[in-house]
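Notes to accompany the following structure.
The values are calculated or read from the model by the stated rules, or taken from the named source; none is laboratory data. Note that the structure is a prediction, hence the values are computed from the model and not measured. Note that each Cβ is placed from the backbone with ideal geometry, even for glycine, and that neighbours are counted across all protein chains shown. All accessible areas refer to the heavy atoms of the entire protein, side chains included, with ligands and DNA or RNA removed. Shrake-Rupley method; radii C 1.70, N 1.55, O 1.52, S 1.80 Å.
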Amino acid sequence: MSAQNIIFPAQILRGPGVIAQLGEICAKAGERALVIGGHQALAATESTIREQLSSSGVTLVGCEWFGGQSSESNITRLAGCVETLGADVIIGVGGGKSLDTCKAVGVAAHVPVITVPTIAATCAAVTPLTIRYHDDGHFRDLYPLPQAPHAVIIDSELLARAPLRWLAAGLGDTLAKWYEFRAIGEQHTQLSGIASASSANSRICYDLIATFGGEACEAARAGQSNAALEQVLDAIFMFAGLTSLMSSGAHAAAAHAIYEGFTVCDKTREFGHGLLVGFGNLCLLALENRSDEEMLEAIALAHACAVPLRLAEIADLNPDELDAIVQESVIAPDMQNMPGKVTPQALYQAIDRVTHLADAFLAA
């Protein structure tokens, strides 16, 4: 029998204002901290981080932009910064690409990483996995890591102030945990205990978003945290993270493959991982030949969660651009997890069906 290797974060802290515990947490991990993040994330958190580290006796050795892509060149560059500055702990702030970069830098530099997501767009803050891209933004690969973050600080007040589109991205990405796991899991008559736990967590993700997703989006529109947002953040970070951790990342399917296809197009590459995955969820259901009733239910939920329902909401694509996306999607690694072979024609038909049903839903 093969060995099972599940890597968890040492601590996940979620709630309003919990960034106020960063200094105490960081002091247990190291004495010299390097902060790495996106431009907006650094601007939103730097003063708080400085205060927290100062009050806890941790030296801030520098603040570095992550580089824009979680690419090998940025990971190598930042690992060099860790060594040059003598940092013994990394604080990563920002969204998925920023946090994925920080986690990989931590592995390369052999130092612990504390993640502070400033947008709730993916579960990247908790997982021992980096999605790597080329410097130009094209998808490269999934890069498993031998360590998870030392601590994850999920401050709901901070996340409520982010633009709605990023919460919507998190909702789309998290819904994929259930839709994709179901698509893959149904080809197996028996699940192991760990796979069953992963499946159960993915269903919790769906149920929480179906119950609280719309209300959470209203909270984000108002820039205020509420109980619904707290529940949704648990889905996006904790339960989605557990799904990924306990399946060793082997739960993705057509929705993520379609996202990977979108990365070949300049018009769609920076639209948002979770928003593109959210549209991919609807295409996945069409590829599975789900009923119109089930499709419309999924479309209604996606709409309540501010997820795009049609290609036109993502970008104005010409036939060549769409064909490039379709051709790349069907050969993407995650598409190979589907129970049967997905052809370009099948994907075109799925997109057309989603568009037709979305048009009918919006017109009703």
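So that you can scan it fast, the table gives a plain yes or no per residue for (1) among the aliphatic types (A, V, I, L, M); (2) out of contact with any strand residue (DSSP E or B) (no Cβ under 9 Å at 6 or more places or on another chain); (3) open to solvent by 40 Å² or more (accessible area, probe 1.4 Å); (4) assigned to a helix (DSSP H, G or I):
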{"position": "Glu321", "(1), (2), (3), (4)": "no, yes, yes, yes"}
{"position": "Ile325", "(1), (2), (3), (4)": "yes, yes, no, yes"}
{"position": "Asp334", "(1), (2), (3), (4)": "no, no, no, yes"}
{"position": "Gln349", "(1), (2), (3), (4)": "no, yes, yes, yes"}
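Being of a type outside the set (Gly, Ala, Ser), at pLDDT 95 or above and more than 12 Å from the chain's Cα centre (by Cα): is that true of Ile184 here? So Ile184 does not fit the description; no.
Scanning the stretch 337-359 for residues that are of a type outside the set (Lys, Arg) and free of Cβ contacts under 8 Å to residues at least 40 places away in the same chain gives Gly340, Thr343, Pro344, Gln345, Tyr348, Asp352, His356. Residues in the stretch 16-68 that are among the aromatic types (Phe, Trp, Tyr) and open to solvent by 30 Å² or more (accessible area, probe 1.4 Å): Trp65 alone.
The set of residues in the stretch 7-48 being in contact with a Gly (Cβ under 6 Å, 6 or more places away or on another chain) and of a type in the set (Lys, Arg) consists of Arg32 alone. Taking the criterion of being open to solvent by less than 30 Å² (accessible area, probe 1.4 Å) and in contact with a helix residue (DSSP H, G or I) (Cβ under 9 Å, 6 or more places away or on another chain), the residues of the stretch 82-99 that qualify are Val82, Ala87, Val89, Ile90, Ile91, Gly92, Val93, Gly94, Gly95, Gly96, Ser98. Among the candidates Leu282, Leu317, Leu309, Leu287, the residue that is open to solvent by less than 70 Å² (accessible area, probe 1.4 Å) and more than 24 Å from the chain's Cα centre (by Cα) is uniquely Leu317.
Only residues that are part of a helix (DSSP H, G or I) and either modelled with pLDDT under 95 or in contact with a strand residue (DSSP E or B) (Cβ under 8 Å, 6 or more places away or on another chain) (or both) were counted in the stretch 1-39, giving 8.
Do we find a residue being among the hydroxyl-bearing types (Ser, Thr, Tyr), touching a Leu at 6+ places or on another chain (Cβ under 9 Å) and under 21 Å from Gly172 (Cα atoms) anywhere in the stretch 99-117? Within the stretch 99-117 (the criterion being among the hydroxyl-bearing types (Ser, Thr, Tyr), touching a Leu at 6+ places or on another chain (Cβ under 9 Å) and under 21 Å from Gly172 (Cα atoms)), the answer is no, since none of the residues qualifies.
Of the residues making up the stretch 269-279, those that are open to solvent by less than 10 Å² (accessible area, probe 1.4 Å) and modelled with pLDDT under 95 are Gly272, Gly274. Per the listing Gly62, Gly68, Gly30, the residue uniquely within 21 Å of Ile154 (Cα to Cα) and assigned by the TED database to the domain that holds Cys102 is Gly30.
Select from the stretch 253-272 the residues that are of a type outside the set (Val, Ile, Thr), in a loop (DSSP other than H, G, I, E, B) and in contact (Cβ under 8 Å) with a residue 60 or more places away in the chain and list them in ascending order. The answer is Ala253, Cys265, Arg269, Glu270, Gly272.
Filtered by the rule that a residue be assigned to a helix (DSSP H, G or I) and over 22 Å from the mean Cα position of the chain (by Cα), the stretch 40-59 gives Glu46, Ser47, Thr48, Ile49, Arg50, Glu51, Gln52, Leu53, Ser54, Ser55. Restricting attention to the stretch 119-155, the residues that are out of contact with any Lys or Arg (no Cβ under 7 Å at 6 or more places or on another chain), within 29 Å of His303 (Cα to Cα) and of a type in the set (Gly, Ala, Ser) total 4.
Has the stretch 237-252 got at least one residue that is of a type outside the set (Ser, Thr, Tyr), under 25 Å from Leu285 (Cα atoms) and modelled with pLDDT of 95 or more? Within the stretch 237-252, none of the residues are of a type outside the set (Ser, Thr, Tyr), under 25 Å from Leu285 (Cα atoms) and modelled with pLDDT of 95 or more.
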